[in-house]
1. Looking at Gly172, Gly133, which one is touching an Asp or Glu at 6+ places or on another chain (Cβ under 6 Å) and closer than 25 Å to Cys56 by Cα?
2. Within the stretch 119-182, which helices (runs of 4 or more DSSP H) (wholly inside it) include 3 or more residues that are within 20 Å of Asp84 (Cβ to Cβ)?
3. Which condition breaks for Val85 when tested against (1) assigned to a loop (DSSP other than H, G, I, E, B); (2) among the aliphatic types (A, V, I, L, M); (3) over 26 Å from Asn164 (Cα atoms)?
4. Checking Met49 against (1) outside any loop (DSSP other than H, G, I, E, B); (2) under 28 Å from Asp143 (Cα atoms), which test does it fail?
5. Please go through (1) open to solvent by 50 Å² or more (accessible area, probe 1.4 Å); (2) within 30 Å of Met96 (Cβ to Cβ); (3) in a loop (DSSP other than H, G, I, E, B) for Asn24 and return the number of the only condition it doesn't satisfy.
6. Collect the residues in the stretch 128-182 that are farther than 19 Å from Met96 by Cα and among the polar types (S, T, N, Q), keeping them in residue-number order.
7. Picking from Gly137, Gly133, which residue would you name as being crowded, with 17+ Cβ neighbours inside 10 Å, at positive phi and small (Gly, Ala, Ser)?
8. Taking the conditions exactly as written (crowded, with 19+ Cβ neighbours inside 10 Å and over 17 Å from Val85 (Cβ atoms)), does Tyr109 satisfy them or not?
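The values are calculated or read from the model by the stated rules, or taken from the named source; none is laboratory data. What you see is a predicted model, and the numbers here were worked out from it, not measured in a lab. Virtual Cβ from ideal backbone geometry, glycine too; neighbours counted across all protein chains shown. Remember, those area values only see protein heavy atoms, side chains included, never the ligands or the DNA or RNA. Shrake-Rupley method; radii C 1.70, N 1.55, O 1.52, S 1.80 Å.
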Amino acid sequence: KHLENEFARWVSRGCKYLKFDFINAAACEGDSWYDKNITTGTMAYNYGMKILHDLCEKHNIYLLESMAPIFPYRWGHGRRICCDVWSNISESEYAMNALTWGWWTDRLYTVNDADHLVTSSSAGVTKARMTTGVCAGAFILGDDLTDSSAQKRTKTYAGNADINNYIRNNLGSFMPLRVTDL
């Protein structure tokens, strides 16, 4: 009942997106569970995630999993493929490395999330961050848009009609090319 009330409160405030973070801890083994028919950590995880998934479906909310087990996978719409990524070039390298091994998980989830994209005062780094999002197949912007310079960068780089049309029509991650494919 508490969760139903919380979801109703979030929806009344216009919430359309929820990120559940560190949910891998919900799959830990224990000595006992509320429901005596549950005997493993994965069963407990599935029990709880089904409740959250059903509430998201009922209220038309996008559910992003973060720090989540890859399997079982059916509860979220998307899954973060790496930890937090910010606005320098090494962060883009880190996200692309995660995408290299995790590109295929877009077959389990609607989208892979390469973490929120944050622009940089460097045009090159901002282009790299946007490319990371395109390669993942979708992206969420993470800038503080109360800052006028961030607004300008976001309009410039996230407002590219060709890139946005590509993502709308090609949902899914890029698959890495193997040297043997050349």
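1. The unique qualifying residue is Gly172.
2. 123-136, 148-158
3. Unmet for Val85, out of (1) assigned to a loop (DSSP other than H, G, I, E, B); (2) among the aliphatic types (A, V, I, L, M); (3) over 26 Å from Asn164 (Cα atoms): (3).
4. The single condition Met49 does not satisfy is (2).
5. Going through the list (1) open to solvent by 50 Å² or more (accessible area, probe 1.4 Å); (2) within 30 Å of Met96 (Cβ to Cβ); (3) in a loop (DSSP other than H, G, I, E, B), Asn24 breaks only (3).
6. Listed by number, the residues that qualify are Thr146, Ser148, Ser149, Gln151, Thr154, Thr156, Asn160, Asn164, Asn165, Asn169, Thr180.
7. Among Gly137, Gly133, only Gly137 is crowded, with 17+ Cβ neighbours inside 10 Å, at positive phi and small (Gly, Ala, Ser).
8. Details: crowded, with 19+ Cβ neighbours inside 10 Å: yes; over 17 Å from Val85 (Cβ atoms): yes.
Yes; evaluated as a whole, the condition is true for this residue.
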